[in-house]
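Contents: one structure, followed by commentary.
The values are calculated or read from the model by the stated rules, or taken from the named source; none is laboratory data. Source: prediction; values computed, not measured. Methodologically, a virtual Cβ is constructed for each residue, glycine included, from the backbone with ideal geometry; neighbour enumeration extends over all protein chains shown.
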Amino acid sequence: MTRTKHSLCKLSLGILLLFLSLFLFWAFKDEARAMLTEPPQVCALCDQEPQDVPCLLNISTGDIGKLVGTAVPGKFQYIGVLGAMGEWDSDTQTGKVTIPDEKAHFTVPLFCRFCRWTIMKNPAQLYYLADLSEPQTPLLYPIEDQPMTILGWSICPEETSGGTTLTITPAE
């Protein structure tokens, strides 16, 4: 009788562990997939040239654009490949970039495992602010409703009808 009870306990424990394993795998399937996917030869984030100004990262395309324009009056060097629109006033050193409200789609194979982990720490957003002063250890910031300072630049997000507008000015 005790041998049967012991066997039933082992079987019950085995079934419980199987269901727990399946539940954990299902609950963290995106994280598991991200970590098991083969990394690229060149990471879209950490294999960049160092930047001395804040950047904007699109996790769907891996594109990165500087949020600060050049010092040429009347010209704006913001690259629109990110799906964002921008303008830069060189006289006042003020920029405005509007990023559209779009659902995030994280394209895992564009990033190495370290950068995937860095991106997955924050709630899923399509765009992140990035400090790439040391690209091997990038710092990513989710775009939230509060002003922040990155690399000596003040970035103030504001919800607008066209998306989120970031106002970029030199930090005081």
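Things worth noting here:
Results for (1) modelled with pLDDT of 90 or more; (2) under 18 Å from the mean Cα position of the chain (by Cα), shown as yes or no for each residue.
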site	(1), (2)
L16	no, no
F19	no, no
A32	no, yes
M35	no, yes
P39	no, yes
A44	yes, yes
D47	yes, yes
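- Scan the range 114-139 for residues that are surrounded by fewer than 19 Cβ atoms within 10 Å (Cβ to Cβ) and of a type in the set (A, V, I, L, M) and the total you get is 3.
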